[in-house]
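Taking it in order: structure first as C-alpha cells, then the write-up.
The values are calculated or read from the model by the stated rules, or taken from the named source; none is laboratory data. Note that the coordinates shown come from a computational prediction; the quantities given were computed from them, not determined experimentally. Cβ coordinates were reconstructed from backbone atoms using ideal geometry, including for glycine residues, and neighbour counts include every protein chain displayed. Please note that ligands, DNA and RNA were not included when accessible areas were found on the heavy atoms of the full protein model with its side chains. Shrake-Rupley method; radii C 1.70, N 1.55, O 1.52, S 1.80 Å.
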Amino acid sequence: MASAPAQPTAEVARQMLRGIMRIRMIEERIKDLYAEQEMRCPTHFSIGQEAVAVGVCAHLRRGEQIMSAHRSHAHYLAKGGDLKTMLAELYGKATGCAAGKGGSMHLVDPTVGFLGAVPIVGSTIAIGVGAALASVLQGSPVLSVIFFGDGATETGVFHESLNFAAVQKLPVVMVCENNLYSVLSPLSCRQPEGREMIQLAQGHGVWNRQGDGNDADAVYALAGEAIDQARSGRGPAFLELKTYRWLEHCGPLDDRQLDYRPPGEYEAWMARDPLKLYAERLHERGLVGAADRDAMAREIASEIDDAVTFAKSSPFPTRDQLAAHLYAS
C-alpha cells in the first residue's frame, strides 16, 4: 500500500507561507512601479499562482536546475534568485541578472540553479531536458524541473521532449501551471472537451499527477512524489497544477472588462487566494499568528525597498556592452 504524500514540517510550512507572501508583495510592488514607465520590458505576473513555484521549489537543492517561461518572477524568486538583480534587470540596468539586456522574460541565475527563462512558448522544455541529459552524460545526474503554462502543451516540442525524456529515463519533472487561458483563449477552444492534460503524459508512458495549484500543501505533496520519481532514476514526471492568474496575460492591469472570463469565474478563484488559504491554515494549526505575519510583511517590505533603490540607482549598460554575451565563452 502506497504511503500518504508527505506534508511539510512546521518550519518548512512557515517558510512556504513567507515565500508566497514575498512573491505576492514583490509583484504587487512591480505592478505599482510599472506605471512610472521606467521599466520598459513586457512583464507577465504570477499573482494568484504563487503556491506552485513555492511548493515545488521547497524540495529543491541549490544545485538542482529549473527553467521557466515568460511568467518567470515567481520561479526565479522561489529558487533563490537575487531580488536586487532581478529588479535591476526589469529596469534594464547593468547590474541586472542578464546585464540589463534581457528584461523580465530573460531572468537567469545559474548560481542557484535557475538556468533561465525564454518567452517563446514551450522552448525551455527542450532546454531543460537537454540540461538533464548533459548531466547524465557527464556521469552526475542532476534534477531538472521545467515550469510552463497550459499553452505549451499544444506545441510539438512538448511532446518530443517528453517522449525523449521518457525513452532516456532522464531526471526531469515537468510542471504545467494550468491557469485555464492562453492569452485570451480558454481551454475549451484549444483542446478537446473532456481531455485532461495528464492524459498527454499518460500517452507517453510518463508518471503523472494532477492537483490543486492554489493549495500549497497539495503542491508540496505532489511535487515531493514527482521529484522522488525523477531523482531515483525511474524516469521523468509530469505535474498538472490547476491555478489562475488574476491580471492580464501581459502587463500589470486588470483585464476583466474584456469579458473573456465567464461570469463569476474570477470571483470564485479570488476566494481561493493561495496566500489567504495558507495563512488561514497555518493560523488554525497554531504555526503562524497575526504578529508573525506582520513581522514577515515588514521584513519583506524593507527588502523590496532596498532592492528598488539598488535597481533605480544602478547604471545602464554602456554602448560597448551591446555585443557582449552573444556567444558562450
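A compact table of results
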read-out: Mean projected area in nm² (Cα convex hull; one quarter of hull surface) for the stretch 1-83; value: 7.0 nm²
read-out: Dimensionless Rg over Rh [the stretch 233-329; C-alpha; Kirkwood]; value: 1.12
read-out: Debye, to nearest 20: dipole size of the chain, +1 on Lys, Arg Cβ, -1 on Asp, Glu Cβ; value: 700 debye
read-out: Residue of Gln65, Gln49, Gln210 that the Gaussian network model of the chain assigns the largest fluctuation, springs spanning Cα pairs under 10 Å; value: Gln210
read-out: Amide H contacts of Ser182 (H built 1.01 Å from N, under 5 Å, at least 5 apart or other chain); value: none
read-out: Dipole of the chain, positive direction: furthest Cα of Asn163, Val136, Met16, with charges on the beta-carbon; value: Val136
read-out: Extension gain, Asp228 back to Arg272 (0.36 nm per residue minus Cα-Cα distance, nm); value: 13.0 nm
read-out: Residue with peak Gaussian network fluctuation, the chain [Cα springs, cutoff 10 Å], from Gln199, Gln191, Gln138; value: Gln138
read-out: Candidate residues Leu247, Leu187: accessible-area rank, largest first, probe 1.4 Å; value: Leu187, Leu247
read-out: Whole-Hz couplings from phi, Karplus 6.51/-1.76/1.60, listed for the stretch 215-225; x for Gly and Pro; value: 9, 4, 5, 5, 4, 4, 5, 5, 5, x, 5
read-out: The stretch 1-152, Cα convex hull volume normalised per residue, Å³; value: 136 Å³
read-out: Relative packing of 177-185, 125-133, 261-269, which averages over residues the other C-beta atoms within 10 Å, highest first; value: 125-133, 177-185, 261-269
read-out: Residues His325 and Asn163, FRET efficiency given R0 of 45 Å [Cβ-Cβ distance, rounded to 0.05]; value: 0.85
read-out: Full-stretch length increase - Arg40, Ala10 - with 0.36 nm per residue and alpha-carbon distance subtracted; value: 6.7 nm
read-out: Inverse of mean 1/r across different Cα pairs in the chain, Kirkwood, Å; value: 20.3 Å
read-out: Accessible surface, the chain, averaged per residue in Å² (probe 1.4 Å); value: 44 Å²
read-out: Cross-link pairs Lys93/Lys276; Lys79/Lys101; Lys93/Lys242 - those with Cα-Cα distance over 31 Å; value: Lys93/Lys276; Lys93/Lys242
read-out: Sulfur and carbon atoms: percent of accessible area, the chain [1.4 Å]; value: 54 percent
read-out: Exposure rank, largest accessible area first [Arg209, Arg40; 1.4 Å]; value: Arg40, Arg209
read-out: GNM flexibility winner over the chain from Asp212, Asp254, Asp273 (Cα, springs under 10 Å); value: Asp254
